[in-house]
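Novice: Have a look at the structure that comes next, please.
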There are 2 protein chains.
Amino acid sequence: MVENEKAFLNTQSELSMKGAGYYSKKTIGAKIAIDSLQHLIIDALNNISKSKNLRFADFGSADGGTSQELWYNVISVMRERGDHRPIEIIYTDLASNDFSTLFKTMQGMGENVDLAYQKEFENVFVHGCGTGFHDQLVTSGTLSLGFSATAMHYVSEKPCQILNHVHMVGASNIERNKFKKQALVDWEAILSARAKELEPGGRFICINFGIDENGRYLGNTGDKSMFESFNRHWKGHLDSGIITEEEFISATFPQHYRTVEEFSQPFVGNDCLSNKIGLKLNRIFTKLTKCPYRQEYENNKATITPEEFAKEFIPTTRSWSETVFRSALKNRTYEETNQIVESFYKNYENEVANSPSEHSMDYVHIVMEIERI
Amino acid sequence: MVENEKAFLNTQSELSMKGAGYYSKKTIGAKIAIDSLQHLIIDALNNISKSKNLRFADFGSADGGTSQELWYNVISVMRERGDHRPIEIIYTDLASNDFSTLFKTMQGMGENVDLAYQKEFENVFVHGCGTGFHDQLVTSGTLSLGFSATAMHYVSEKPCQILNHVHMVGASNIERNKFKKQALVDWEAILSARAKELEPGGRFICINFGIDENGRYLGNTGDKSMFESFNRHWKGHLDSGIITEEEFISATFPQHYRTVEEFSQPFVGNDCLSNKIGLKLNRIFTKLTKCPYRQEYENNKATITPEEFAKEFIPTTRSWSETVFRSALKNRTYEETNQIVESFYKNYENEVANSPSEHSMDYVHIVMEIERI
């Protein structure tokens, strides 16, 4: 496994250009976590849907790259077992998502041509939906299997700005409770929508960022906490007069990391939401995935310098966080904005280069298998 | 009707910026033709599908703008009649299509907010598909109604370059026959794919560019022929040494305008394709839609100068043709390419300004209603 990961990492390192597929390339850790769920999907397939047509959904899929191998493998297993039923797979994300890259990838007109399952297998149809997953997205009772990976920590709206930090993990109690409340409202909307979409016996399997039983979360598993680093360098820019107080505050991630308890809440008690909408929680567990960049560095200290590690590491934190800092900068020219964002990540990079063994972005996920009854 | 068209035209004229929705804005004539088919769709709805869920498809939809009002009206009529069945509508086009604009538009996050039917009506789900319509795009037997407007004149591949002209309407007999043959192969693939997708009783209604019983086609209805003008000005650039012989030849539209006979061929005779795949042709007719820009000019000569007319007219020919001339220019810098394309359309514009009453882009369509038996 480590060998494969490294081979994959080498390929990824060569592809340093931003643009089509950039998100997927810099999220290899997410891919490793997603791939590990294959047995859950296969297990679900053994139980779901005796109906003649199958429909899968990948909610919050971005460009579809991180889950591509999973879907390839799942369809491959089905066909090998002699299950030749037609499969429609619908990828959903916000309307602004890059659906063109996604559609090209699945047809073998992009990267990872070997995983272009639409081309490889008969009777597989790839669709997209540009509506947020808090709404119902397909006709009631037509979904055999729903899947979502590292997408549902985004709240549908920011309940407030966080004054002294960039993320809810460092917010005041009052702020944090507002995020928690919004996240519950969103989670209930997500579950209600999936309950409508799923056919009886259909499963919704999701893997989301969250806080585990040891208080660990993304980039906060014993080393220097990533969100503390973000906050420290952003505050550094405030202290140096590079950004304004308003800009500091505006950089608030529209995210909430739920605990197992928070994810479970709609399923607990006789009067709970899940009983009303017809869902049950088959399993929930937490999952730690070690930072592949840090692992690569630890295993190759003889050949990788701290500076090289830092250069590889920062983009994996940047691919999904940059938009928050960038859009916090108001009334700036494009050049100014670029300069500030570059120096912010450069400061973080320098810190990592100075103490490489104190930095990692381990993934902490909460995995759930939910069934439509 | 003319009043409405003019009101619409005025709105369109104000929106001269390229970018999101540009294609739809410059194709108002296509929109007028499409809207006129509403009765065909409504009529089809009276006959199709007693099943509990409905699925519509819009094949080759581009950004969805030109058919948006049609779909709004169709869904509106259904709901008014008390038909509240869930509707999935899937928009298909090439993977490179701007699906983001499409998804935003239908949710009311773009222009024409009043026509955002996904937001307006309950139980309507908008999906996309980035695979070409020569393939089957949804699971067999799940489509209630297929629709396509002005999309299927594109051939899946150019059978040859046209040496002395830019379009098959001016090609040699040998070249023209190659296009005709490719267009038949494509049309049979299109019909075979739709036959698989449609449920019994389902209809496929399409309106395509073609050549009518009087030999008329797009921009060639009695005035100076648009494609002859394209060819003349492109040849002018060759004669002036601005473009090379190879560049002249490369500008070959990947299009074939079929006649009624060509469209009908798969439906004729006992041994015909349609009998094998289970389709029948309920009706086929040609339709002329007058150029709205020219009409506007003719009705307002007192206030619109020939130069103003020319400035409005050229973009309606340019929105879909520019890519052909642009991509014919090889090994040119971006600036050179721009310069050549600008001067090409400028020459056409000057010609129109000099003889405004000799130029128009009337639409000639072949309309078909095909039923799955």
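The values are calculated or read from the model by the stated rules, or taken from the named source; none is laboratory data. These figures come from a predicted structure and were not determined experimentally. FYI the Cβ positions are ideal-geometry reconstructions off the backbone, even for glycines, and counts take in every protein chain you see.
Novice: Going residue by residue through region B:201-211, is there one that turns out to be out of contact with any strand residue (DSSP E or B) (no Cβ under 8 Å at 6 or more places or on another chain), away from chain A (no Cβ under 14 Å) and over 20 Å from B:GLY278 (Cβ atoms)?
Specialist: Within region B:201-211, none of the residues are out of contact with any strand residue (DSSP E or B) (no Cβ under 8 Å at 6 or more places or on another chain), away from chain A (no Cβ under 14 Å) and over 20 Å from B:GLY278 (Cβ atoms).
Novice: Out of all the residues in region A:319-339, which are crowded, with 18+ Cβ neighbours inside 10 Å and more than 23 Å from the chain's Cα centre (by Cα)?
Specialist: Passing the criteria: only A:LEU329.
Novice: Restricting attention to region A:196-217, does a residue exist that is at positive phi and free of Cβ contacts under 8 Å to residues at least 60 places away in the same chain?
Specialist: Within region A:196-217, one or more residues are at positive phi and free of Cβ contacts under 8 Å to residues at least 60 places away in the same chain.
Novice: Here is a further query. Name the residues in region A:21-63 that are under 11 Å from the mean Cα position of the chain (by Cα) and either over 21 Å from A:LEU102 (Cα atoms) or at pLDDT 90 or above (or both), would you?
Specialist: Listed by number, the residues that qualify are A:PHE59, A:GLY60, A:SER61, A:ALA62.
Novice: Hey, another quick one. Confirm whether B:PHE285 is assigned to a loop (DSSP other than H, G, I, E, B) and closer than 30 Å to B:ALA195 by Cβ.
Specialist: no
Novice: Same structure, new question: For B:SER250, which of the numbered conditions (1) touching a residue at least 12 places away in the same chain (Cβ under 8 Å); (2) small (Gly, Ala, Ser); (3) within 19 Å of B:ILE366 (Cβ to Cβ) fails to hold?
Specialist: All conditions are met except number (3).
Rundown of residues vs (1) facing another protein chain (nearest Cβ under 9 Å); (2) surrounded by fewer than 23 Cβ atoms within 10 Å (Cβ to Cβ), yes/no style:
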position: A:ASP43; (1), (2): no, yes
position: A:ASN47; (1), (2): no, yes
position: A:ALA62; (1), (2): no, no
position: A:VAL77; (1), (2): no, yes
position: A:ASP98; (1), (2): yes, yes
position: A:MET106; (1), (2): yes, no
position: A:GLU111; (1), (2): no, yes
position: A:GLU120; (1), (2): no, yes
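Novice: Keeping to region A:132-156, report how many residues are crowded, with 21+ Cβ neighbours inside 10 Å and over 25 Å from A:ALA33 (Cβ atoms).
Specialist: 3
Novice: Same structure, new question: Quick check on this structure: which one of A:VAL352, A:VAL341, A:VAL324, A:VAL260 is more than 19 Å from A:ILE207 (Cα to Cα), touching a residue at least 60 places away in the same chain (Cβ under 8 Å) and of a type in the set (A, V, I, L, M)?
Specialist: Answer to the check: A:VAL324.
Novice: Separate question: Would you be able to tell me the number of residues in region B:116-135 that are more than 20 Å from A:ASP98 (Cα to Cα) and within 20 Å of the chain's Cα centre (by Cα)?
Specialist: Number satisfying all stated conditions: 3.
Novice: Hey, another quick one. Taking A:SER67 and the conditions (1) within 14 Å of another protein chain (Cβ to nearest Cβ); (2) surrounded by 22 or more Cβ atoms within 10 Å (Cβ to Cβ), which numbered condition does it fall short on, given that it satisfies the others?
Specialist: Among (1) within 14 Å of another protein chain (Cβ to nearest Cβ); (2) surrounded by 22 or more Cβ atoms within 10 Å (Cβ to Cβ), the lone unmet condition for A:SER67 is (1).
Novice: Could you say which residue among A:GLY201, A:GLY269 is surrounded by fewer than 17 Cβ atoms within 10 Å (Cβ to Cβ), part of a strand (DSSP E or B) and touching a helix residue (DSSP H, G or I) at 6+ places or on another chain (Cβ under 9 Å)?
Specialist: Going through A:GLY201, A:GLY269 in turn, just one is surrounded by fewer than 17 Cβ atoms within 10 Å (Cβ to Cβ), part of a strand (DSSP E or B) and touching a helix residue (DSSP H, G or I) at 6+ places or on another chain (Cβ under 9 Å): A:GLY201.
Novice: Identify all residues within region B:136-167 that are away from chain A (no Cβ under 14 Å) and more than 17 Å from the chain's Cα centre (by Cα); write none if there are none.
Specialist: B:LEU145, B:GLU157, B:LYS158, B:PRO159, B:CYS160, B:GLN161, B:ILE162, B:LEU163, B:ASN164, B:HIS165, B:VAL166 - these are the residues of region B:136-167 that are away from chain A (no Cβ under 14 Å) and more than 17 Å from the chain's Cα centre (by Cα).
Novice: Going by the structure shown, is B:GLU88 more than 12 Å from every other protein chain (Cβ to nearest Cβ), acidic (Asp, Glu) and crowded, with 19+ Cβ neighbours inside 10 Å?
Specialist: Criteria not met by B:GLU88.
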